[in-house]
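Enquirer: Structure provided below as structure tokens; questions to follow.
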Amino acid sequence: LDQHACNEKYRFELLEQTTSLKSQPLVVPKELELEAADEMLVQENLDAFRANGFELKIDEEAPPTKRVKLTSIPFSKSTIFGPADVHEMLCLMREDSTSVQRPSRVRAMLASRACHSAVTIGKHLTRQQMRVIIDHMGTMEQPWNCPHGRPTMRHLYDLTEVEEEHEKLIYEGPAVVR
């Protein structure tokens, strides 16, 4: 196991589930031109948008495709968010409505935060710290790679070879070297 990648991935998934971004109100709300189906999707997922720092106002009196206004955007020191991020979230929601949806730039912020706070590679760990990392691996939805794509584990040995050697040992006894 790669201790850094494993710990980073655990922290990332935890941040994805628990982080609500703060909002910054817009001086002038931005009208979003959305298809009627997307307007309904926004209405059904206002909490998901709010968790990502977007505040959206729905005007039921406005004509279809002109009902949604962006009133607040996520606050970040280094990233400026806008309507494109709302559209990206809608695309993600259409593809998978079951999991927490985050725009790619929010995911990048969370990935950076997880990476910088994770156990560093090469750091000496106690057995208890190792056990915690292994236990966390079992709780993750997608434990195979860190958010930056680095594998969390490597395949070192083929288990069929272990079984074959074990059977050989049982039936033939240990090999004698002369």
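Enquirer: Within the stretch 1-55, which residues are more than 30 Å from residue 128 (Cα to Cα), small (Gly, Ala, Ser) and in a helix (DSSP H, G or I)?
Expert: Residues satisfying the conditions are 36, 37, 48, 51.
Enquirer: When the residues of the stretch 32-66 are filtered to those that are more than 12 Å from residue 86 (Cα to Cα) and among the acidic types (Asp, Glu), which remaining residue is nearest to the chain's Cα centre (by Cα)?
Expert: By that ranking, first place goes to 47.
Enquirer: What are the residue pairs meeting all of these: first residue in the stretch 151-164, first residue touching a residue at least 12 places away in the same chain (Cβ under 8 Å) and closer than 22 Å to residue 5 by Cβ, second residue surrounded by 10 or more Cβ atoms within 10 Å (Cβ to Cβ) and among the small types (Gly, Ala, Ser), Cβ atoms under 6 Å, and 6 or more apart or on different chains?
Expert: Short answer, once both residue conditions are applied: 152/5.
Enquirer: Would you call residue 133 in a loop (DSSP other than H, G, I, E, B) and among the β-branched types (Val, Ile, Thr)?
Expert: Spelling it out, it is not the case that residue 133 is in a loop (DSSP other than H, G, I, E, B) and among the β-branched types (Val, Ile, Thr).
Enquirer: Additional query: Criterion first (in a loop (DSSP other than H, G, I, E, B), surrounded by 13 or more Cβ atoms within 10 Å (Cβ to Cβ) and not acidic (Asp, Glu)) does residue 153 satisfy it?
Expert: Judged against the criteria, residue 153 is a match.
Enquirer: Find the residue count for the stretch 60-73, including only residues that are exposed (fewer than 13 other Cβ atoms within 10 Å of the Cβ) and farther than 16 Å from residue 90 by Cβ.
Expert: Of the residues in that region, 3 qualify.
Enquirer: Moving on. Could you list, in sequence order, all residues of the stretch 56-77 that are in contact with a helix residue (DSSP H, G or I) (Cβ under 8 Å, 6 or more places away or on another chain) and either assigned to a loop (DSSP other than H, G, I, E, B) or free of Cβ contacts under 8 Å to residues at least 40 places away in the same chain (or both)?
Expert: Within the stretch 56-77, 56, 58, 64, 65, 67, 68, 76 qualify.
Enquirer: Could you say whether any residue in the stretch 84-106 is surrounded by 12 or more Cβ atoms within 10 Å (Cβ to Cβ), modelled with pLDDT of 95 or more and over 18 Å from the mean Cα position of the chain (by Cα)?
Expert: Checked the stretch 84-106: at least one residue is surrounded by 12 or more Cβ atoms within 10 Å (Cβ to Cβ), modelled with pLDDT of 95 or more and over 18 Å from the mean Cα position of the chain (by Cα).
A quick yes/no check of all residues on (1) modelled with pLDDT under 95; (2) within 30 Å of residue 123 (Cα to Cα):
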residue: 1; (1), (2): yes, yes
residue: 4; (1), (2): no, yes
residue: 13; (1), (2): no, yes
residue: 63; (1), (2): yes, no
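Enquirer: In this structure, is residue 3 within 21 Å of residue 145 (Cβ to Cβ) and either buried (at least 19 other Cβ atoms within 10 Å of the Cβ) or not aromatic (Phe, Trp, Tyr) (or both)?
Expert: Considered against the rule, which asks whether it is within 21 Å of residue 145 (Cβ to Cβ) and either buried (at least 19 other Cβ atoms within 10 Å of the Cβ) or not aromatic (Phe, Trp, Tyr) (or both), residue 3 comes out as yes.
The values are calculated or read from the model by the stated rules, or taken from the named source; none is laboratory data. Everything quoted here is computed from the prediction, not taken from an experiment. Please note: Cβ atoms are built from the backbone with ideal geometry, for glycine as well, and neighbour counts cover all protein chains shown.
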